[in-house]
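Some notes on the structure that comes next.
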Amino acid sequence: MKFDIHIHTKYSSDGEMDPNFVVKLAKKKNYDGLVITDHNSMDAYKNIEKEGLTIIKGVEVSSCCGHILAININEMIPKGLSVQETIERIKDQDGIAIAAHPYRFWSGLGEKNTRSGKFDAIEILNSRSFKKDNERAKKLAESMKLPGTAGSDAHLPYEFGRAWIIVKDDLIKEIKNGTAEIGGFSRNAFDTVHYVGRSITLWAERGFKRI
């Protein structure tokens, strides 16, 4: 089963896609399931049509120190909490906590904060991150003896499915035990020009505040 577990819709302040458009895109690209992880919002799940896909609820939580993916949860996690308290709130719901793109300047936790939390996994292949940052994340996961995950971090249609996870049966279990297969692509030069320009524009529109 092929999943993209890091996707944003119009319910993220920097996203554009309708949730049901994302479902249709996943079907078109032969994905079996997905996790929508909007920034501090689970509104995408209110009226979503599954269309035969396995859809697991999630959110990208803005902790005090950077972004954390909360996968397999049913209720929102408050933003602004400490790294460990955010993780504990996720695990209280039997979810898994993943350190998202830890080396991203804008929103990554950084190495110190990642090491401080009891994460279930670390995102080591994010299609909106530089290859060097993904490689650093992989080394960090290995040093912490944690599984690695992959996700497109798609905010726009062309970004969907550029990183994926393949599992035999149970996504959550196989992420935790490190048996999931990952694949995908890092950010290229074209992506960088588009990403930086768009990010700065949206940052200015938010009054120079981070998400």
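The values are calculated or read from the model by the stated rules, or taken from the named source; none is laboratory data. Bear in mind that the values here come from a model prediction, so they are computed numbers and not experimental data. Backbone-built Cβ (ideal geometry, glycine too); neighbour counts: all protein chains shown.
Taking the condition of being part of a helix (DSSP H, G or I), touching a residue at least 40 places away in the same chain (Cβ under 8 Å) and more than 18 Å from Lys79 (Cα to Cα), how many residues in region 103-124 meet it?
Count: 0.
Could you say which residue among Ala121, Ala44 is in contact with a helix residue (DSSP H, G or I) (Cβ under 8 Å, 6 or more places away or on another chain) and closer than 22 Å to Lys145 by Cβ?
Within the list Ala121, Ala44, the selection yields Ala121.
Looking for something part of a strand (DSSP E or B) and hydroxyl-bearing (Ser, Thr, Tyr) - is there at least one such residue anywhere in region 54-61?
Residues of region 54-61 part of a strand (DSSP E or B): 54-55, 58-61.
Those left that are additionally hydroxyl-bearing (Ser, Thr, Tyr): 54.
Within region 54-61 (the criterion being part of a strand (DSSP E or B) and hydroxyl-bearing (Ser, Thr, Tyr)), the answer is yes, since at least one residue qualifies.
Looking at region 130-158 only, could you name the residues that are modelled with pLDDT of 95 or more and hydroxyl-bearing (Ser, Thr, Tyr)?
Ser143, Thr149, Ser152
Identify all residues within region 16-37 that are assigned to a loop (DSSP other than H, G, I, E, B), in contact (Cβ under 8 Å) with a residue 12 or more places away in the chain and either on the phi > 0 side of the Ramachandran plot or over 13 Å from the mean Cα position of the chain (by Cα) (or both); write none if there are none. Reasoning before the result, please.
The initial filter retains those residues of region 16-37 that are assigned to a loop (DSSP other than H, G, I, E, B), namely 16-18, 29-32, 37.
If we keep only those that are in contact (Cβ under 8 Å) with a residue 12 or more places away in the chain too, we end up with 16-17, 29-32, 37.
Those that are assigned to a loop (DSSP other than H, G, I, E, B), in contact (Cβ under 8 Å) with a residue 12 or more places away in the chain and either on the phi > 0 side of the Ramachandran plot or over 13 Å from the mean Cα position of the chain (by Cα) (or both): Glu16, Met17, Lys29, Asn30, Tyr31, Asp32.
For Phe130, are the conditions met, namely being at negative phi and out of contact with any strand residue (DSSP E or B) (no Cβ under 8 Å at 6 or more places or on another chain)?
Yes.
Residues of region 63-83 being buried (at least 18 other Cβ atoms within 10 Å of the Cβ) and among the hydroxyl-bearing types (Ser, Thr, Tyr), which ones?
Selection gives Ser63 alone.
Looking at region 87-102 only, could you name the residues that are buried (at least 24 other Cβ atoms within 10 Å of the Cβ) and either at positive phi or in a helix (DSSP H, G or I) (or both)?
Within region 87-102, Ile87, Ile90, His101 qualify.
Under the condition of being part of a loop (DSSP other than H, G, I, E, B) and either basic (Lys, Arg) or modelled with pLDDT of 95 or more (or both), which residue from region 187-211 is nearest to Gly95 (Cα to Cα)?
Arg210
Restricting to region 15-37, count the residues that are surrounded by fewer than 18 Cβ atoms within 10 Å (Cβ to Cβ) and either more than 16 Å from Leu171 (Cα to Cα) or among the β-branched types (Val, Ile, Thr) (or both).
We begin by selecting, within region 15-37, every residue surrounded by fewer than 18 Cβ atoms within 10 Å (Cβ to Cβ); these are 16, 18, 20-21, 24, 27-30, 32.
Pick out the ones that are also either more than 16 Å from Leu171 (Cα to Cα) or among the β-branched types (Val, Ile, Thr) (or both) and you get 16, 18, 20-21, 24, 27-30.
Count: 9.
Which of the following residues is in contact with a Phe, Trp or Tyr (Cβ under 7 Å, 6 or more places away or on another chain) and polar (S, T, N, Q): Ser107, Ser41? Give the steps one after another, and end with the answer.
Details: Ser107 fails: in contact with a Phe, Trp or Tyr (Cβ under 7 Å, 6 or more places away or on another chain).
Only one candidate qualifies: Ser41.
Counting just the residues of region 38-62 that are surrounded by 21 or more Cβ atoms within 10 Å (Cβ to Cβ) and in contact (Cβ under 8 Å) with a residue 40 or more places away in the chain, which one comes out farthest from Asp153 (Cα to Cα)?
Restricting to residues being surrounded by 21 or more Cβ atoms within 10 Å (Cβ to Cβ) and in contact (Cβ under 8 Å) with a residue 40 or more places away in the chain, the top hit is Gly58.
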